[in-house]
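Input: a single structure, listed below in structure tokens.
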Amino acid sequence: MRPLLLLALTFVPLAAQTHYQADWSSIDSRPTPPWFTGAKFGIFIHWGVYSVPAFAPVIPGKLAYAEWYWNALTRGKDDPQATAIQTGTWAFHQKRYGADFPYQNFAPQFRAELFDPDHWADVFARSGAKYVVLTSKHHEGFALWPSKEASASWGRPWNAAEIGPKRDLLGDLTNAVRRKGLRMGFYYSLYEWYNPLWLTDKPRYVQEHMFPQFKDLVTRYKPALIFSDGEWEMTSAEWRSPELLAWLFNDSPVKDDVVIDDRWGKDTRHKHGGYWTTEYTPGMSGMDHPWEESRGMGFSYGYNRAERLQDYHTGRELVIMLVDLVSRGGNLLLDIGPNADGEIPVVMEERLTQMGNWLAVNGEAIYGTKPWKTTRQFSAGEGPKMDYNKEFETAYDVTKLTNIEAFFTSKGSDLYAILPRWPGRSFQLKDIPGAKAVTLLGYAMPLKFRAVGGGVSIELPEIPESLLTQPAWVLKISR
């Protein structure tokens, strides 16, 4: 009898089977790895030399990004058409540091002497976030890892390993975050405002600075996500982005799993790349293409010492923001701005803890979910789902939520109704046939319910003491 020949069948990931060409039609054919759309909640971190002055004027009706300090003071000094934020930054700089104090002199003061990466990672894990995105470098060009390109092109020490902390901040945090089981990604600015090579020879900047620096970052630290930015100065062809991304998807150590955004040239947002990005807006809707809204807790990404408590969203507002975005198919990338000494401001840590406490009870209504066919339910005759502040495009005004009965998410055959206010002892959901069981997440006893006109009427208990202070409550309808 002839022996049987056993063939070993090896599963090869789709990305490993495909060779991507350096053009957008090929690059765009790569699907976004599914971990991203299931994660729903990530932490953004803006931290760099700008964390030393940590200032932008707070002007009603304006977003003021403290991480743009160098650009703002330069424009405020030299540009006759400078904005109020730019002239205000220049006035502050003269008063606090002196007109002759160059921005580069902040670098030795960026010491991160209290930086504890394990504490940061613990805060992120307890927040309920599933991924972290650190600014590897912002538009100022200062790198948080020992980038030889950063110092070479600037002609001076311009990375955290050589000046200031004299430490691989990015590497230390990456290791700590991964020990907590979270995915680690990096923000990377394509351009740098005042890099001498950028100002004199942009093609050389791309070839000799950006390409090798980007590849060094990816090869050393193997990010799960890359948030590219600063793309608006040139087209993707001038940045040679398709060529760089073909390397990333074909030859890099993260070719199969890395997620990218859509900021690779002034022609690419919401057209090319990976997930679509929005910032300080109500976001988007639908799951035809992955998308993510990013924003700070106040009006800035980098820490702004000029902001006051009233400028920060409350924990409840941040939870409702997350719920709203997820119910429409998106992710939330919520930013923190640590201090120059390496501490997370206490108010930011408190807000993350509040979100984590809610997600610890209700996370199954968020992670791995999809929008339901009706993403929210209004009281009869009421108006829009939220009163967005159109001037700031930042406000989730929870005082206006009295007309919202529920946001919806779904997972398999289960439907989740997320209630922004407690409805009383009975509650009716419309157009939900076939309910087999109803539970209140965080409450041990099943709820009584009955079918009513194609929907379901639910009897609710008194709010359990353990859930009394929640920012929102979740009903799980099993079908």
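Sites counted here are GluC sites (Glu not before Pro) in a DSSP loop (not H, G, I, E or B) having no more than 16 other Cβ atoms within 10 Å; the longest part of the chain that contains none of them is 114-381.
Report the chymotrypsin sites (Phe, Trp or Tyr not before Pro) located in segment 99-128 that are in a DSSP loop and have at most 10 other Cβ atoms inside 10 Å of their Cβ, or state none. Walk me through the intermediate numbers first.
On the way: sites: Tyr103, Phe106, Phe110, Phe115, Trp120, Phe124; in loops: Phe110, Phe115.
Answer in residue order: no site qualifies.
Please list, or write none, the lysines whose alpha carbon is within less than 23 Å of the alpha carbon of Lys77, excluding same-chain residues fewer than 8 places away. Here the lysines satisfying the reach criterion relative to Lys77 are Lys62, Lys95.
Binning the C-alpha pair distances of segment 438-479 at 5 Å intervals from 0 yields a P(r) profile of 5, 20, 32, 22, 12, 7, 1 %, listed from the shortest bin outward. Take the Cα of Val452, step 7 Å toward its Cβ, do the same at Thr281, and the gap between the two points is 3.9 nm.
Given R0 = 35 Å, the distance between the Cβ atoms of Arg178 and Ala91 translates into a calculated FRET efficiency of 0.20.
Dipole size of segment 16-365 about its Cα centre, with +1 on Lys/Arg Cβ and -1 on Asp/Glu Cβ: approximately 300 debye, rounded to the nearest 20.
Kirkwood-type hydrodynamic radius, the chain: 24.0 Å, calculated from all non-identical alpha-carbon pairs. Note on the chain: antiparallel DSSP beta bridges, both residues inside, total approximately 50 percent of the bridges counted.
Between Gln81 and Tyr367, residue separation times 0.36 nm minus the direct Cα-Cα distance comes to 98.3 nm. Computed from the Cβ-Cβ distance with R0 of 22 Å, the FRET efficiency linking His289 to Lys62 stands at 0.15. State which helices in the chain qualify, where a helix is a whole DSSP H run, it must extend 20 Å or more along its own axis by its Cα atoms, and its mean Kyte-Doolittle hydropathy must be at least -1.0. Helices passing the filter in the chain: 346-362.
Cut-off under 30 Å on the C-alpha distance; same-chain residues fewer than 8 positions from Lys222 excluded. Which lysines are left, in chain and number order? Within the straight-line limit of under 30 Å, Lys222 reaches these lysines: Lys40, Lys130, Lys137, Lys148, Lys166, Lys180, Lys202, Lys255, Lys266, Lys271, Lys370. For segment 200-247, the Kirkwood hydrodynamic radius comes to 11.6 Å, computed from all pairs of different C-alpha atoms. Residues whose amide H lies under 5 Å from that of Gln428, counting only those 5 or more places away or on a different chain, are Ile458; hydrogens are built 1.01 Å from N in the peptide plane. Within a straight-line Cα-Cα reach of under 17 Å, Lys448 can be paired with the following lysines, leaving aside sequence neighbours fewer than 8 residues apart in one chain: Lys430, Lys436, Lys476.
The numbers here are math on the coordinates, done by the rules we state, and not lab data. A quick note: this is a predicted structure, and the numbers were derived from the prediction, not measured. Cβ: placed from backbone, ideal geometry, glycine included. Neighbour counts: every protein chain shown.
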